[in-house]
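**Q** To start, I am sharing the structure in question, which I have written as structure tokens.
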Amino acid sequence: MFLMKDIVRDPNPVLRATAKPVEFPLSEENKQLAHDLMEYLIISQDEEQNKIYKLRPGVGLAAPQVGKSLSMTAVLIPDENNDIYMQEVLINPRVVSHSVQSAALSEGEGCLSVDMEHHGYVQRHDRITITYQTLDGSKHKKRLKNYPAIVCQHEIDHLNGILFYDHINKDNPFTMDEDGILLG
Ligand code: UDB
Ligand code: ZN
């Protein structure tokens, strides 16, 4: 299992590399990686277990964040009732289309790999369509909006060497597009 010490921190160059596509059938090593990424999220969101292992509760964790430059990310996204909205290991994910309308979390963003705080609105697309593969190699297409769309954009950015603060306007961190919406 992954612990906080295994999570690579900015400015490690692996966080700025373009992740390699994952090939199918999945190697045993990559199956284990997929399992371990999701395991981190599950344990980190469990109030008893995250205390024991001192894990920071995460909604997404991408392979480059554990030092593997591979196009794979796990997401475990709760809904308003704290039920599971989306639990998936996304392999070779891509944003294939997106809304013109932008969105940002009103509280800004953080990252398990970024220890420094960066205040400001992280402007993203409010709605996206992604394609990805799952563990068995099957191909999927999914439409996402609002918070789940933000999380998936943050994670897919990791596979392209992009960190959340790259999207914050340097001169005016709290600017938003004309018709952009604030979430949360
Ligand atoms: C997070 N957590 O996981 F709904 F368990 C952030 C951190 C950086 C503050 C740990 C988070 O948003 N909290 C959260 C929300 C829940 C349930 C829960 C925890 N990430 C993931 C990350 O760094 N992935 O690379 C940062 C988020 C900022 C916007 C989307 C992802
Ligand atoms: Zn992150």
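**Q** What pairs come up if the first residue lies in region 43-55 and is assigned to a helix (DSSP H, G or I), the second is among the basic types (Lys, Arg), and their beta carbons are under 9 Å apart, counting only those six or more places apart or on different chains?
**A** 44/56; 50/56
**Q** Got a sec? Which of 136, 115 is at pLDDT 95 or above, charged (D, E, K, R), away from ligand 2 (no atom under 16 Å from the Cβ) and surrounded by fewer than 13 Cβ atoms within 10 Å (Cβ to Cβ)?
**A** So the residue among 136, 115 that is at pLDDT 95 or above, charged (D, E, K, R), away from ligand 2 (no atom under 16 Å from the Cβ) and surrounded by fewer than 13 Cβ atoms within 10 Å (Cβ to Cβ) is 136.
**Q** Residue by residue through region 52-92, note down the ones that are closer than 18 Å to residue 139 by Cβ, among the β-branched types (Val, Ile, Thr) and within 13 Å of ligand 1 (Cβ to nearest atom).
**A** Matches in region 52-92: 73, 75.
**Q** If you don't mind, another one. Tell me whether region 85-104 contains one or more residues that are assigned to a loop (DSSP other than H, G, I, E, B), closer than 23 Å to residue 36 by Cα and not acidic (Asp, Glu).
**A** Within region 85-104 (the criterion being assigned to a loop (DSSP other than H, G, I, E, B), closer than 23 Å to residue 36 by Cα and not acidic (Asp, Glu)), the answer is no, since none of the residues qualifies.
**Q** Among the residues that make up region 141-156, is at least one of them within 12 Å of ligand 1 (Cβ to nearest atom), surrounded by fewer than 17 Cβ atoms within 10 Å (Cβ to Cβ) and not in a helix (DSSP H, G or I)?
**A** no
**Q** For region 79-91, enumerate the residues that are surrounded by fewer than 23 Cβ atoms within 10 Å (Cβ to Cβ) and over 11 Å from residue 60 (Cα atoms).
**A** Answer for region 79-91, where residues must be surrounded by fewer than 23 Cβ atoms within 10 Å (Cβ to Cβ) and over 11 Å from residue 60 (Cα atoms): 79, 80, 81, 82, 83, 84, 85.
**Q** In region 159-175, how many are over 19 Å from residue 69 (Cα atoms) and buried (at least 16 other Cβ atoms within 10 Å of the Cβ)?
**A** 3
**Q** Looking at 70, 55, can you tell me which residue is closer than 22 Å to residue 18 by Cβ, within 16 Å of ligand 2 (Cβ to nearest atom) and surrounded by 19 or more Cβ atoms within 10 Å (Cβ to Cβ)?
**A** 70
**Q** Does any residue in region 56-75 that is under 15 Å from residue 111 (Cβ atoms) and part of a loop (DSSP other than H, G, I, E, B) come within less than 9 Å, Cβ to Cβ, of a residue that is at pLDDT 95 or above and of a type in the set (Phe, Trp, Tyr) six or more places away or on a different chain, and which pairs are these?
**A** Filtered contacts from region 56-75: 58/40; 59/147.
The values are calculated or read from the model by the stated rules, or taken from the named source; none is laboratory data. Since the structure is predicted, the reported quantities are computational estimates derived from the model, not experimental observations. Heads up, the Cβs are rebuilt from the backbone with ideal geometry, glycines too, and the neighbour counts pull from every protein chain shown.
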